[in-house]
Every structure is written in structure tokens, then in C-alpha cells.
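Okay, structure first, notes after.
The values are calculated or read from the model by the stated rules, or taken from the named source; none is laboratory data. Computed from a predicted structure; not experimentally measured. Cβ placement follows ideal geometry from the backbone for every residue including glycine, while neighbour counts extend to all protein chains displayed. Surface accessibility is based on the protein's heavy atoms, side chains included, excluding ligands, DNA and RNA. Shrake-Rupley method; radii C 1.70, N 1.55, O 1.52, S 1.80 Å.
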Amino acid sequence: LEELAFEEAFAQLEAAITALQDGKLPLERALQYYQEGMKLAQYCNELLQKAELSVQQLRVDGNGTLSLQPFDM
Amino acid sequence: MHLFEDIDEPAVVSVSAVALYLKDLLELNDVLQNIWVQGEISNCKTYGSGHCYFTLKEGDAQLHCVFFKNSRLRSSAPNLSDGMAIAVNGRISFYERDGKLQCYVERIRILGEGVLFRRFEQLKARLKAEGLFDEERKRPLPPQPAVIGIVTSPQAAALRDMLRVLNTRYPLARVILSPTLVQGTEAPEAIAEALDLLNEHGEADVIIIGRGGGSIEELWAFNEEVVARAIARSRIPVISGVGHETDFTIADFVADYRASTPTAAAAAAVPNIEDWRADIQEKQRLLVSLIEERLCDLKEQLDYAMRDLQRTSPLSLVERRRQQLDETTERLQTHMQHRLSLHRERLRGMAFRLHSLSPLLTIARGYAVVRRESDQAVVISVQQVQAGDQLTVQVQDGQILVEVRS
């Protein structure tokens, strides 16, 4: 879970909900989706909590090679 | 004038004294008190008060102008805008508070559109004819850009404003700044190159191109064709945010999305994380209610099943049978007791009868039982005995041994 990007985690959360909305799902699977969904929601919240904008600067050297460098505001 | 009377020993004077002196100097000059000046309007602003402020430019010189509401109404002047070439008539004086010289305009004459404005209109018409402004060319902005490219000056306040907005609204994003000049003669080429570099680098999902507010000259780079072309050929969607709400540049027309300011451009580029927080919370609630609903359903089904099961259960049959068994056992016992007591009664009757028939009773009345001593056979006939036989005579309380004589 730790390696998921926010967008992926969010998409999976939506998928879990869609799956849960299917009333014919076996109980065990439903509980799995529920637990997974809650974990994903928690994870998304954490990501939002600790997110910080990263800023880099695009540089081009004499050969026309591009590189990214940290940018201090 | 008294202020500089004693030139050999200059006095120290206050700022307001100098200001007043300058004011007097200008206002006493007849030429300056009724003069026509021509130039191009720049930095034109009309405030809520109805007063209009602008700079009249020509060559390398500029003159600050104030066109008060009363004067505007009296002269029925048209609305002024940047780039217009006009002649103004008024008086020139010194404005102490700002320490600047300005023209108090009484009336104006339109001389036609300014050079900049004409260039702007020509380029706009040409690019429009080419289809560069067509709605079909405009690409949708990515809803959740992971990387945001920014083309602007690294020193500008506009950049800090944009970064602040991005950090508040969508800190998940990564920003790649492609630094460039945003004003001056080299700015158009630099802006176009910075934009091209971001495309070459290729990571950005959306690009903001912009700068903060300024005069029409300061914003002019964004009206140049090289910039328009660079925006048009960008493979990555471009948001323009140049100047203030009222400023429109060629870049705005070519861009996929025109924001009124750099700050607005940053806001348009990303979703708001606060909406997501609410969304996630909503989804959490949905998850809980879905699973609860499900469990509740299942529990209900289970209850039904249990009731059904109870109705058809073999246990109830067992229960019934056990009861029957109990009843039967009870009946059996009663029956048995009845039978037993019946037998007991009969036995007692028989014993009584037996007793009455007992020979002992007869013996008690004086009879005796005679047996042969040898074989204890009861003697009931003389034939059974001979003289000399030993006999026992049983009486009520014992036996008497006798011998037969004859």
C-alpha cells in the first residue's frame, strides 16, 4: 500500500466501493473489500496530510542536456 | 523666490517646502497651465470613484496623467484604454503626496490607435485566421496533474503566489519551473524557449505561463508571435495567467485555458485537496454503511432460517417422544403397582386358607401324626406296622418314641 500514488489509492477506493455495492458478493469477499477500502481511505488521508509541494527548476547546459535541480523559494 | 535667496549660505528646508516651491514654480508657468500633450496611453486605470489615471508615453519619456471624473463628464471623453494614441489638454502640476509631476487632464482628443495596439490587432487577426484561437484546438486540462510546469521569472512575486496556491490546494503535485525573463526585448524568445524546454523534458502534465500585473509594455512579451507559436505547438496543455483581470494578451487567446491572473491560473491547474478530504470522508461513511447494510441483511436472513429450522427440527419430535415416554412409564408404574397389590391380597388370602388347613391345628386339638421311625412314612393303616417297629408320635409340642407291641 505504501507505494501507491494518491490517485491510484483513490481509484482503488472507488473500486472497492463499487464492488461492495454488489449485493451478491460473498460475505467474506465483501468484508475483504470493506477492510481494504477503509485502509485505502486512511492511506489517502495520510497522504493528503503529509503532502508538501516539491519544486524543481529545469536547467539546460551547453550541450542542450536538460536536468532538474532543486529550487529554493 | 525667497527659498533660494541667499545662495551663498543655503538653508536646510523641509520636503513640503520644496514641494510647495515646485508646485508654485509649475503653476506660475502659463505654458504649463494650458497645454496639449500627445502620446500613447499605458497603465490606464479607472477607479470606482470615476477618476481615471494613466501614463502618457512617447519615445523614452512618460507623463503621469489624472483625468478626474468631473472633467471626464464635462468633456464627454470616451473610455480610455492602453495603447490608444491621444492628445490631452490640461495643466501640469506637482503632486506633493506622491512627489511626482502630473498632468491634470481637462479634455482629450483621440488621435487613433497606438502603435502597440495596432500591432496587437494585426497579429490577433492573423493568428485567428490561421485558426490558432479555435475552440476545437483547446485541450481539456488534466483533472489531477502530477507534474505542473511553470514558465515565469524565478524572482517574480507571481511565482511565489502561484506556488502558495498550489501548495494549499494541491501539495501532491510536483512543480517544474522553467525560468525565463518575462519582460524586455529578449523576453519573447526566452518565454518561447522555456516553454519548448518543458515540452522537450516531457514530464509536465500541464503548463502555466504567466507573470504578474504591469503596464502594457511590461506585459508585451505575451503579445508577441513567437510566444503565441510556442503555445500553439506545445504538446502539453497550457494555461495562461498574465497580468490582471482586465488584461488580455495574445497568449491568452492561444492558450488552452485563459486565467485572469497567475494566482487564478494556479488554481485552475489543480483540483482542491479540501474537496478530496471531504470526498474521502464521504467514501469512508459509504463503506461503513454498505457493510453494515450487508451484515444487517445477512442477520435477518439468518434469523428467518433459524425460525424455519426450529419449525422443522427433529428435536421437537424428540421432545414429543420424550413426553410420550414419560407418560407411558408412569402408566406402566401405576399398572405394576396395582397388579402387585392385587397379588399381595390374593397371597394373603391363600396364606389364611393354608393356615386353616394346617395339620398342626388338628394336632393341637389332640390328634397326632404317627410315622415309622425307619423311614418317617406316615402311618395311616395297621398294615404298615409290625410288632417291634419303632414309631414316632408327633403331638403339639414334640415327638414321642413308641414301640409296637402287637
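Listed values, structure above:
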{"read-out": "Spherically averaged projected area of chain A from its Cα convex hull (nm²)", "value": "7.3 nm²"}
{"read-out": "Acute angle (nearest 10 degrees) that the helix A:27-50 long axis makes with the longest principal axis of chain A, alpha-carbon atoms", "value": "30 degrees"}
{"read-out": "Estimated FRET transfer efficiency (B:S75, B:L26; beta-carbon r; R0 25 Å; 0.05)", "value": "0.70"}
{"read-out": "Spherically averaged projected area of chain B from its Cα convex hull (nm²)", "value": "62.2 nm²"}
{"read-out": "The range B:188-251 pair-distance distribution - Cα-Cα, 10 Å bins, rounded %", "value": "24, 54, 21, 1"}
{"read-out": "Cα→Cβ-extended label distance, 7 Å offset, between A:Q56 and A:E14, nm", "value": "2.7 nm"}
{"read-out": "Exposure ranking of B:M84, B:M350 by accessible area [1.4 Å probe, largest first]", "value": "B:M350, B:M84"}
{"read-out": "Residue order for B:H244, B:H51 - accessible surface, 1.4 angstrom probe, largest first", "value": "B:H244, B:H51"}
{"read-out": "Residue-wise HN-Hα coupling along the range B:356-370, computed from phi with Karplus coefficients 6.51, -1.76, 1.60 (Hz; x: Gly, Pro)", "value": "5, 8, 4, x, 4, 5, 4, 4, 4, 7, x, 7, 9, 10, 10"}
{"read-out": "Contour minus Cα-Cα distance for B:E58 and B:R160 (0.36 nm per residue)", "value": "33.4 nm"}
{"read-out": "Farthest toward positive dipole pole in the protein assembly as shown [+1 Lys/Arg, -1 Asp/Glu at C-beta], among A:Q56, B:G212, A:L20", "value": "A:L20"}
{"read-out": "Residue mean of other protein chain beta carbons inside 10 Å, B:276-283", "value": "5"}
{"read-out": "q = 0.12, 0.13 Å⁻¹, the range B:199-330: log10 I(q)/I(0) [Debye, one scatterer per Cα]", "value": "-0.69, -0.73"}
{"read-out": "The range A:54-68 - phi-based ³J(HN,Hα) in whole Hz, Karplus 6.51/-1.76/1.60, Gly and Pro as x", "value": "9, 10, 10, 10, 7, 10, 10, 8, x, 7, x, 7, 8, 8, 9"}
{"read-out": "The range B:273-329 - accessible surface per residue (Å², probe 1.4 Å)", "value": "81 Å²"}
{"read-out": "Tail weight of P(r) past 25 Å, computed on alpha-carbon pairs of the range B:1-139, percent", "value": "45 percent"}
{"read-out": "Distance in nm between pseudo-label sites at B:Y304 and A:L27 (7 Å out along the Cβ direction from Cα)", "value": "1.5 nm"}
{"read-out": "Buried area at the A-B interface (accessible, heavy atoms, 1.4 Å probe, summed, Å²)", "value": "3400 Å²"}
{"read-out": "Euclidean distance of C-alpha centroids, the range B:208-253 and the range B:112-166, integer Å", "value": "3 Å"}
{"read-out": "From phi via Karplus (6.51, -1.76, 1.60), per-residue ³J(HN,Hα) for the range B:197-207 in Hz, x at Gly/Pro", "value": "4, 4, 5, 5, 5, x, 7, 5, 8, 7, 10"}
{"read-out": "Rounded accessible area per residue of the range B:66-186, 1.4 Å, Å²", "value": "52 Å²"}
{"read-out": "For A:45-52, mean number of other protein chain Cβ atoms within 10 Å", "value": "4"}
{"read-out": "Fully extended contour minus Cα-Cα distance, from B:E189 to B:N272, at 0.36 nm per residue", "value": "26.5 nm"}
{"read-out": "Over the range B:209-280, equivalent-ellipsoid semi-axes from the Cα gyration tensor in Å", "value": "26, 15, 7"}
{"read-out": "Modelled FRET efficiency - R0 51 Å, B:Q144 with B:S313, Cβ distances, 0.05 increments", "value": "0.30"}
{"read-out": "Within chain B, helix-based [θ] at 222 nm, where runs of 4 or more DSSP H residues each add -39,500 (n - 2.57), nearest 500", "value": "-14500 deg cm²/dmol"}
{"read-out": "Ellipsoid semi-axes in whole angstrom, largest first, where each is sqrt(5λ) of the Cα gyration tensor of the range B:141-227", "value": "22, 15, 10"}
{"read-out": "For the range B:260-406, the fraction of alpha-carbon pairs in successive 10 Å shells from zero, as %", "value": "8, 12, 10, 8, 8, 7, 7, 6, 6, 5, 5, 5, 4, 3, 3, 2, 1, 0"}
{"read-out": "Nonlocal amide H pairs with B:I208, under 5 Å, H built at 1.01 Å", "value": "B:G149, B:I150, B:V151, B:I239"}
{"read-out": "Drop in accessible area of at least 40 Å² in the complex versus isolated chain, residues of the range A:1-44, 1.4 Å probe", "value": "A:F6, A:E7, A:F10, A:I17, A:L20, A:L27, A:Y34, A:M38"}
{"read-out": "Share of carbon and sulfur in the accessible heavy-atom surface of the protein assembly as shown [1.4 Å probe, %]", "value": "53 percent"}
{"read-out": "Hull shadow area, averaged, the protein assembly as shown [alpha-carbon convex hull, nm²]", "value": "65.9 nm²"}
{"read-out": "Relative contact order, percent, the range A:1-66 [alpha-carbon distance under 8 Å, six or more residues apart]", "value": "34 percent"}
{"read-out": "Probe 1.4 Å, accessible area per residue of the range A:19-73, Å²", "value": "65 Å²"}
{"read-out": "Top positive-direction residue, dipole computed over the range B:186-297 with Cβ charges, set B:S240, B:L295, B:A221", "value": "B:L295"}
{"read-out": "FRET efficiency estimate (nearest 0.05) - Cβ-Cβ, B:I35 to B:R137, R0 56 angstrom", "value": "0.70"}
